[in-house]
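Structure, as structure tokens:
Values quoted throughout were computed directly from the atomic coordinates according to the rules given, and no laboratory measurement underlies them. Small disclaimer: the values here were computed from a predicted structure and weren't measured. Note: ideal-geometry Cβ built from the backbone for every residue, glycine included; neighbour counts use all protein chains shown.
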Amino acid sequence: MWWVQETPEGVTFKVTVQPRASRNEIVGLQGDALKVRLTAPPVEGAANRLCVEFLAKCLKVRKSDVEIIQGKRSRAKKVLVRSAGRDSVESLLKTR
């Protein structure tokens, strides 16, 4: 799929975060970004921490392997996952 890019470090993809949702969930694609709803508020990095934890849990990787590389103060983010392949990221849409 075109929304996931492989790099020498791992895979990168865009994420659109909706904070203060009723539950943590992956909604699907919104444009060229994965839309994620999170229960955490966008205060003092709480939503960013939960975003990393949630994506790590969904991809079955360590939290230290998931990093927000762009958009730490925005709903639109770019995420790097070091120990996951393109197929595992794309499978997030199939299981939702």
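Tabulated data for the structure shown
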quantity: Options Ala46, Ala56, Leu29, ranked by Cα towards positive dipole end of region 4-94, top entry (Cβ charges); calculated: Ala46
quantity: Simple Cβ-charge dipole of the chain, Lys/Arg +1 and Asp/Glu -1, about Cα centre, in debye nearest 20; calculated: 340 debye
quantity: Simple spin-label estimate for Trp2 and Ala46 in nanometres, 7 Å along Cα-Cβ; calculated: 3.8 nm
quantity: GNM result for the chain, Cα springs below 10 Å: residue of Leu59, Leu29, Leu38 fluctuating most strongly; calculated: Leu29
quantity: Set of aspartates and glutamates with alpha-carbon distance to Lys77 below 15 Å, sequence-local pairs under 8 removed; calculated: Asp32, Glu53, Glu67
quantity: Extension gain, Glu25 back to Arg82 (0.36 nm per residue minus Cα-Cα distance, nm); calculated: 18.4 nm
quantity: Degrees between helix 46-59 axis and first principal axis of the chain (Cα, 0 to 90, nearest 10); calculated: 40 degrees
quantity: Dipole of the chain, positive end: most advanced residue of Gln18, Val4, Ile68 [Cβ charges, Cα centre]; calculated: Gln18
quantity: Aspartates and glutamates whose Cα lies under 12 Å from that of Lys35, excluding same-chain neighbours fewer than 8 positions away; calculated: Glu25
